[in-house]
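**Q** Before I ask anything, here is the structure I am working with.
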Amino acid sequence: MVDDGTAVTAPTRAPALGARIAELLPGIALCIGVTLLSIGIQHVEEGSFGHPYVEALVIAILLGMAIRTAWAPSQRWRAGIAFSAKQLLEVAVMLLGASISLAAIVASGPLLMAAIVATVIVTIIASFGISRGLGLPVKISILIACGNSICGNSAIAAVAPVISADGDDVASSISFTAILGVVMVLGLPLLIPLLGLTANQYGILAGLTVYAVPQVLAATVPAGLAATQIGTLVKLVRVLMLGPVVVAFSLLAPRLRRGEPGHPPAKRIGLFKLVPWFILGFLLLAALRSFGLVPDLAIGPITKVAGLLTVVSMAALGLGVDVRVIGRVGGRVTAAVTLSLMLLLGISLGLIHLLGLG
């Protein structure tokens, strides 16, 4: 009898899946434990003061960072922590699409869209100029500019291969950008009373300045659902700018490689790969909501699940951040990233007030 392999394939998949689950469980359980403790602390705040001064989401980051500083997770924990920080957060962002109607996108108008595009372009040019002015090489200056202007580590990772960036440059850019990403999530909500912005204006500011889509979700939760919705929309448009930017640098790559013998040719990335699956899922759910295919009764539970997953992911984010890395990256890289971020904040605030956005 001929063995066509079908009897072997099915049984072998189950052990592989079981092994993967076993690999992820310790880290996920740790993140859930930090999440439950964070929610408990928030409840204590509510019982003592009537409302939480620090959200569970922020507490989870701080607890995670404190644990990571005192104890470096071994390989046993890392897979689950990484999964919680990335995949679970991506699911949370996708689910948020169910709370947004495409009518909101249309209502935002072309002025906001133009402001987003202009902010990205101006910030890339200005950040590159700051980095070069501090004496940094061209390629790491490009990485810092794209990371600050578009979507942090994802932009750095996407642009690096098309300009044949060195591994050390990528590591330095990503390391400090990861730290600043957490600082933005923690610090931006503190500016709400100081800046006197409406919920929509604060959401626009977060969308224009915070590095990653999930981090925008985290940074806007304290300002309410309206801020979260407009902030996510603005951030999504920024992320979609990554495709044209990568294409532009792929065209400039031959010039960057002149006089650098031994460098491998720059890689080209398919445009489809530049749009993450969770953004497509977000847009799909937003479309379904707009056409009335997502029941109103389901919106509340979906939003709550997204919020809970976000707290779990923020715990994982904190567990993955070693604050001591600041001392290991170069001073010029630190200065370039920090100054570029301050510039981005200034440009964004200026546009919000100048154009009357929000």
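The values are calculated or read from the model by the stated rules, or taken from the named source; none is laboratory data. Source: prediction; values computed, not measured. Here Cβ is always computed from backbone atoms with ideal geometry, including for glycine, and neighbour counts include all displayed protein chains.
**Q** Look at I28 and say whether it is over 17 Å from A85 (Cα atoms), modelled with pLDDT of 90 or more, assigned to a helix (DSSP H, G or I) and among the β-branched types (V, I, T).
**A** No.
**Q** Tell me which residues, restricted to region 184-208, are at pLDDT below 90 and either at positive phi or among the hydroxyl-bearing types (S, T, Y) (or both).
**A** Listed by number, the list holds a single entry, G196.
**Q** Another one. Which condition number does I41 fail, the rest of (1) over 12 Å from V321 (Cα atoms); (2) under 19 Å from the mean Cα position of the chain (by Cα) being met?
**A** For I41, the exception is condition (2).
**Q** Continuing with the same structure: Looking only at residues in region 281-297 that are in a helix (DSSP H, G or I) and without any contact (Cβ under 8 Å) to a residue 24 or more places away in the chain, which one is nearest to I100 (Cα to Cα)?
**A** D296
**Q** Then there's this: Answer yes if at least one residue in region 9-20 is modelled with pLDDT under 90, more than 24 Å from M184 (Cβ to Cβ) and β-branched (V, I, T), and no otherwise.
**A** yes
**Q** Moving to a separate point now. Considering only region 69-86, state which residues are assigned to a helix (DSSP H, G or I) and surrounded by 15 or more Cβ atoms within 10 Å (Cβ to Cβ).
**A** W77, R78, A79, G80, I81, A82, F83, S84, A85, K86
**Q** If A248 meets every condition in (1) assigned to a helix (DSSP H, G or I); (2) under 24 Å from A56 (Cβ atoms); (3) modelled with pLDDT of 80 or more apart from one, which number is that one?
**A** Unmet condition: (2).
**Q** What's the number of the condition P110 fails, among (1) under 20 Å from the mean Cα position of the chain (by Cα); (2) under 30 Å from L293 (Cβ atoms)?
**A** (1)
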